[in-house]
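One structure below.
Any read-out appearing in this document is the output of simple, stated calculations on the displayed coordinates, not a laboratory observation. All of these numbers come straight from a predicted model, not from anything done at the bench. Don't worry about glycine lacking a Cβ; one is built from the backbone with ideal geometry, like all the others, and counts go over all protein chains shown.
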Amino acid sequence: MTENKNIHVLSRAVIIDQDHILLCKTLDLSINFYFLPGGHVEHGVSVCETVVRELKEESGAECTIKRFLGCLEYSFEPGHNSICHNHEYNFIFEVESSSLKLNMIIPRIEDHIELMWIPLTKISELDFRAAPFKTLILGWLEHKMNDAFKSEMI
């Protein structure tokens, strides 16, 4: 296999309601896993604009950014987690929306993912990618900004 040297920049959202976090679950892969809502930053578009746009595309919801939480640089074995890249920068924002609440039905707009609420206490039990988010998110939410940038390289 040829090593893919693409670097991807992603903007992702942390949305919390009643001690639950909104996550995406893959539906179209041989191994289903969970990840934060959001997506790829396009050339000429800011990470802030990207996370708002991606949430609208994935859920239909209008969202606002509360604050920047942190950035994770992450690399993994080529082909293991992604066929398109193996090195990424994830910019993470705490986001809110009046139409993304635990007691509301979230429409499934994209065929390859399902948005679902997961108790914060269950994150460590999930196949959650990128794996460092399992601990980083909770720390960032508690304002531990000394770890706002984290790098996990293989």
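Quick one: how many lysine pairs does region 7-152 have with C-alpha atoms less than 26 Å apart and a gap of 8 or more or different chains? Give me the count, please.
Within region 7-152, the lysine pair count is 23.
Residues with beta-carbon under 13 Å from that of D28, excluding D28: net charge, scoring Lys, Arg +1 and Asp, Glu -1?
Working: positive: K25, R108; negative: E110, D111, E114.
Summing Lys/Arg as +1 and Asp/Glu as -1 gives -1.
Collect residues whose amide H, placed 1.01 Å from N in the peptide plane, falls under 5 Å from the amide H of I21; neighbours closer than 5 in sequence don't count.
I118, L120
At 0.36 nm per residue, and after removing the present C-alpha to C-alpha distance, how many nm does the segment from K25 to I109 gain when stretched out fully? Write out the running numbers ahead of the final one.
Values: separation 84, 0.36 × 84 = 30.24 nm, distance 1.30 nm.
Result for the pair: 28.9 nm of gain on full extension.
Counting other beta carbons within 10 Å of each Cβ, put D17, D127, D28 in order, fewest first.
Working: D17 15, D127 12, D28 9.
Starting with the residue having the fewest Cβ neighbours, the order is D28, D127, D17.
Karplus couplings for region 113-125 from phi (6.51 cos²θ - 1.76 cosθ + 1.60, θ = phi - 60°), rounded to Hz, Gly and Pro as x?
Residue by residue, region 113-125 yields 9, 10, 8, 8, 8, 10, x, 4, 5, 9, 3, 5, 8 Hz.
Express in nm, to one decimal, how much length is gained between H43 and T121 on full extension, taking 0.36 nm for each residue of separation and deducting their alpha carbon distance. Show your work: numbers first, answer last.
On the way: separation 78, 0.36 × 78 = 28.08 nm, distance 3.63 nm.
Contour length minus Cα-Cα distance gives 24.4 nm.
Could you run the Karplus curve 6.51 cos²θ - 1.76 cosθ + 1.60 with θ = phi - 60° over region 87-99 and give me ³J(HN,Hα) per residue in whole Hz, x for Gly and Pro?
Each residue's phi maps through the Karplus curve to give 8, 9, 10, 10, 9, 10, 10, 7, 10, 9, 7, 6, 9 Hz.
Sorted from fewest to most neighbouring beta carbons within 10 Å, what does the list C71, C48 look like? Before the final figure, lay out each step's value.
Working: C71 17, C48 14.
Final ranking by Cβ density, sparse to dense: C48, C71.
Dipole size in debye (nearest 20) for region 7-152 around its Cα centre, Lys and Arg Cβ +1, Asp and Glu Cβ -1? Don't skip to the end; give the middle numbers.
Details: 13 positive and 22 negative charges, 60 e Å.
Charge dipole of region 7-152: 280 debye, to the nearest 20.
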